[in-house]
Amino acid sequence: MHNDENMGFGSKAVHAGAIDCLGSAVTPIFQTSTFRFRDVDHGARCFSGEENGYIYTRIGNPSITELEEAVASLEGGCGSVAVSSGMAAVNTVYMTFLSQGKHLVAHNSLYGPSRGVMESIYPKYGVESSFVDATDTENVRNAIKDNTALIYLETPANPTMGIMDIEAICKIAHERNIPVCVDNTFCSPYLQQPLALGADVVLHSMTKFINGHADIVGGIVVAKEKDIYTRLRAIMVNMGFNMDPHQAWLTRRGLKTLPIRIDRAQENAIKVAEFLENHPKVEWVLYPGLKSHPQYELAKRQMKGPGAMITFCLKGGLEAGKKLMNNVHLAMLAVSLGGIETLIQHPASMTHSKLSKEARESAGITDGLIRFAVGIENVEDIIADLREALEKA
Ligand code: LCS
């Protein structure tokens, strides 16, 4: 199969990691839980690592390997570990770097459960955390303690669209030998490659742009160096966070069209953001492609494009926002993002509802904030839908 490290992004998205099986153009789904050994010695060599054979699907499976190789190649990592959900990816990272007595520094606005588990579950295991506004790099520097073992960023952040300076934060972290993880879900490797900016680990909810079709749940963690990759894989295998081969196959199929899906969704998002910013009922819009975004210049430097996620608030606040969300037709009132369909949701009562009101408000997740995930439909239809719903708001 054609698999060359020098290929362009679009060619890698189509071909990277492919496994030729009886001449198949597409890697088949290896729908099997276990693999036959030729003899006892072969089995022993597979278990000891002397030979690279497949053993059991929780440990590895060719359909999963294909996806892992493709995403590692697109992110520029040495290897990756596919898991059953984005939250499994987040927890693979937390469990790899954090243990009793260790401390995490993270951005204050993360996908709700990525912060929620740190506040509700990890304290039971003796892990401490500080959530700061990491869009100001100095806040990260000041939050570091002697026991800080991981810096965790999500940029752009869900749902506040805050953008963190990956390169500057990695420099500060590495002076103290602290690894940095970036949740790259909102960008995908097509728009941002955190490992090249200095990050040690990148993760994705593949439920979003990487698969892109709102029909699977999955996650992945990519490592820059072999040592971290080995530790991540041990957590995945022993915790049973593995992906299933059919889910991996669907995700690998979705990934093939990542660049053209994002190009189209982003082209639409730029027009939708401009429409919203000029609408008299809209109080503010946060979109990295608008000059009004507080980190507009950083976004231009760090990201290949502004992406397809928009956050906004109406002048009439929550009540007007509810009317808008109850009156859209093409845009679906649903959580998730990064698919080919346009979705709208209300973070304070949905994705971020489990956080305390205080945590939400100090992170900028106000009650009136609406999140809009732009799809690949005709942009005229997306805007007409919003215009009509705004009339009722
Ligand atoms: N990281 C980010 C940035 C996310 O947006 C999500 C899910 C996750 C991790 C977790 O991934 P999952 O386990 O769901 O695959 N974000 C969602 C959202 O904003 N709406 O619904 C899910």
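No value in this document is a laboratory result; all are computed from the given coordinates. None of the values given here were measured: they were computed from a predicted structure. Heads up, the Cβs are rebuilt from the backbone with ideal geometry, glycines too, and the neighbour counts pull from every protein chain shown.
Annotations
- Relative frequency of Cα-Cα separations exceeding 32 Å in the chain, percent: 34 percent
- Coarse-grained scattering of the range 61-213 at q = 0.11, 0.12, 0.13, 0.14 Å⁻¹, given as base-10 log I(q)/I(0) from a Debye sum over alpha-carbon atoms: -0.39, -0.46, -0.55, -0.64
- Centroid-to-centroid separation of the range 123-169 and the range 349-393 [C-alpha atoms, Å]: 25 Å
- Per-residue Cβ neighbour rank within 10 angstrom, fewest leading, Glu51, Glu380: Glu380, Glu51
- Dimensions (Å) - the range 37-150, Cα atoms, principal axes, largest first: 56, 31, 24
- Evaluated at q = 0.29 Å⁻¹, a Debye calculation over the C-alpha positions of the range 25-81 (equal weights, vacuum) places log10 I(q)/I(0) at -1.12.
- Considering helices alone, the calculated mean residue ellipticity of the chain at 222 nm is -11500 deg cm²/dmol, with DSSP H runs of length four and up weighted by -39500 (n - 2.57) and normalised per residue.
- Global geometry of the range 163-255, whether rounded, prolate or oblate, following the gyration tensor of its Cα atoms and the 1.5 cut on a/c: oblate
- Of the three principal axes defined by the Cα atoms of the range 241-356, the extents in descending order read 48, 33, 31 Å.
- Amide H partners (placed H, <5 Å) of Leu150, local residues excluded: His103, Val105
- Distance from the range 271-309 to the range 62-100 (C-alpha centre basis), Å: 30 Å
- Lysines whose Cα lies under 25 Å from that of Lys354, excluding same-chain neighbours fewer than 8 positions away: Lys102, Lys124, Lys208, Lys322, Lys323
- Ranked for footprinting exposure by Cβ neighbours inside 10 Å, fewest first, Val105, Val14, Val71 give Val14, Val105, Val71.
- In the range 1-57, the inverse of the mean reciprocal separation of distinct Cα atoms equals 13.7 Å; this is its Kirkwood hydrodynamic radius.
- Under the combined filter of DSSP loop state and at most 14 neighbouring Cβ atoms within 10 Å, the range 1-102 retains these trypsin sites (Lys or Arg not before Pro): Arg36, Arg38.
- Under-5 Å amide H pairs with Asp183, H placed in peptide plane, nonlocal only: Leu153, Glu154, Thr155, Leu203
- Projected-area average for the range 229-288 over all orientations - Cα convex hull basis, square nanometres: 7.3 nm²
- Fraction of antiparallel bridges per DSSP, the chain only, in percent to nearest 5: 55 percent
- Sparse packing (at most 15 other Cβ atoms within 10 Å of the Cβ) combined with a DSSP loop state is found for the following trypsin sites (Lys or Arg not before Pro) in the range 105-198: Lys145, Arg176.
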